[in-house]
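The values are calculated or read from the model by the stated rules, or taken from the named source; none is laboratory data. Note that the structure is a prediction, hence the values are computed from the model and not measured. Positions of Cβ are generated from backbone atoms using ideal geometry, with glycine treated the same way; all protein chains shown enter the neighbour counts. What goes into the accessible areas is simple: the full protein's heavy atoms, side chains included, and nothing from ligands, DNA or RNA. Shrake-Rupley method; radii C 1.70, N 1.55, O 1.52, S 1.80 Å.
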Amino acid sequence: MLSQLMVLFGFFALVLVAVYWVNRAVVLFDRLIADGHSAGVFLEFTALSLPGVIALVLPMASFAAAVYVTNRLMGDSELTVVQATGYSPWRLVRPVALFGVIVALMMSALTHFLVPASVAQLKQREVDISGSVSARLLREGTFLHPGPGVTFFIREITPEGELRDVYLSDRRQADREVTYTAERAYVVQAEEGPRLVMVSGLAQTLRPETRTLSTTLFQDFTYDISTLIVQNQNLNLRPRHLSTWALLTQPGAMAALTDVPLARINEELHGRFQQALLGLVSALIGFSTLLTGSFSRFGVGRQIVVAIFLLVVVKLVESAVTDPTRNNAALWPLIYLPSVVGFALAMGMLHLAARPFRQPRKTAALEVSA
């Protein structure tokens, strides 16, 4: 039974990760490609977002695997035969509990190590690409507006990095508008920042107040484009960017570093443990709820609906404790209330499945014979 659970868990996890990842990738593609970034940057960002997606879908995959395997075993009458030999629901739940522990360990590796590291790296890469000159300015055949009052156009970019037929309009000063055109241009990196060196061009200055236009031919002209590329230097650290060890050993310092109350640090820390427990809770609820039904040719659709409803109850409890735990650091034990409720519901379903006044066996026998 454990092997079946693991196989189905891998299948459902793969399907759910693919669905969620594609949705996330579409959003990233629109945002990154529209800003002029390469496909390599897009692939890097989607890879860094993958651990968070996996952590999100693993509890659902464990629930789906437990429900599917239990439904199939009941449909093939295997559970009915095993129970008839004297196996109680408390004995049958052992492989499911072991499966849930394995899922919880996987979730722990994600929530405590992989997800914080990937989120922090993703934030750092966002800061890095925000100052990319090539992504913001070097796009051929497109009129770009890198800043208010600035228009930039390049007809062609050669493989050697030479810009052909450059147009630059600077309207940031109220008393004049300057338009530069050049046959060739190069982007060079100076100590003060990136510079645009234009060769064989024309500068036209229009003064609206006097309605005069002056032109200047130049052989080479250097234009400061560092003001057009504003790099976001603020990492905006959040508790989810920090490691579990830092949150556990230095909660006060981490609260000061991220500029959040201590209650938010506690919520993030214990929420990672709570999220790992959901993988175990989901599997137990799925198995124990379906076990309350007896063999029927019509399946256990009603029990599946009940199991889904119980999961919704757990999520409602999770939502209900969010605000109190964020506002009061002393209420951090409430973070584990959803798991406690989930375990209680699963134990209640197992007790119901093991009740001595279950459906008479002759009724089940009549259904089989019919």
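Within the bounds of region 212-225, is there any residue that is acidic (D, E) and touching a strand residue (DSSP E or B) at 6+ places or on another chain (Cβ under 8 Å)? Yes, some residue in region 212-225 is acidic (D, E) and touching a strand residue (DSSP E or B) at 6+ places or on another chain (Cβ under 8 Å). A single entry from L73, L105, L79, L92 fulfils the requirement of being open to solvent by 50 Å² or more (accessible area, probe 1.4 Å) and part of a helix (DSSP H, G or I): L105.
Regarding region 284-306, can at least one residue be identified that is touching a residue at least 12 places away in the same chain (Cβ under 8 Å) and within 26 Å of L242 (Cβ to Cβ)? No; the residues of region 284-306 include none that is touching a residue at least 12 places away in the same chain (Cβ under 8 Å) and within 26 Å of L242 (Cβ to Cβ). Mind checking which residues of region 153-199 are within 43 Å of the chain's Cα centre (by Cα) and polar (S, T, N, Q)? Selection gives T158, S169, Q173, Q189.
Residues A174, A256: which one is under 30 Å from L331 (Cβ atoms) and open to solvent by 60 Å² or more (accessible area, probe 1.4 Å)? Steps first, answer last, please.
On the way: A174 fails: under 30 Å from L331 (Cβ atoms).
When all the criteria are applied, what remains is A256.
Condition check: in a helix (DSSP H, G or I) and of a type in the set (K, R). Does R240 satisfy that? Spelling it out, R240 is indeed in a helix (DSSP H, G or I) and of a type in the set (K, R). The condition of being open to solvent by 30 Å² or more (accessible area, probe 1.4 Å) and either aromatic (F, W, Y) or modelled with pLDDT under 85 (or both) holds for only one of F287, F218, F273, that being F273.
T244 satisfies every condition listed in (1) more than 20 Å from the chain's Cα centre (by Cα); (2) of a type outside the set (K, R); (3) more than 29 Å from M1 (Cβ to Cβ); (4) surrounded by fewer than 20 Cβ atoms within 10 Å (Cβ to Cβ) except (1).
Against the conditions (1) over 19 Å from the mean Cα position of the chain (by Cα); (2) at pLDDT 85 or above; (3) open to solvent by 20 Å² or more (accessible area, probe 1.4 Å), G52 satisfies every one except (1). Based on what the data block shows, is L202 outside any strand (DSSP E or B) and open to solvent by less than 80 Å² (accessible area, probe 1.4 Å)? Taking the combined requirement at face value, the residue does not satisfy it.
The residues of region 1-48 that are open to solvent by 70 Å² or more (accessible area, probe 1.4 Å), at pLDDT 75 or above and within 13 Å of the chain's Cα centre (by Cα), listed by number, are V19, Y20, W21, V22, N23, R24. Of everything in region 200-228, what is among the hydrophobic types (A, V, I, L, M, F, W, C), within 48 Å of the chain's Cα centre (by Cα) and under 15 Å from R172 (Cα atoms)? Give them in sequence order. Of everything in region 200-228, those that are among the hydrophobic types (A, V, I, L, M, F, W, C), within 48 Å of the chain's Cα centre (by Cα) and under 15 Å from R172 (Cα atoms) turn out to be I225, L228.
Sub-6 Å Cβ pairs linking a first residue in region 154-181 that is closer than 14 Å to L202 by Cα to a second residue that is of a type in the set (V, I, T), at least 6 apart or interchain, are V166/I154; Y167/T181; S169/T151; S169/T179; D170/V150; D170/V178; V178/T205, ordered by first then second residue.
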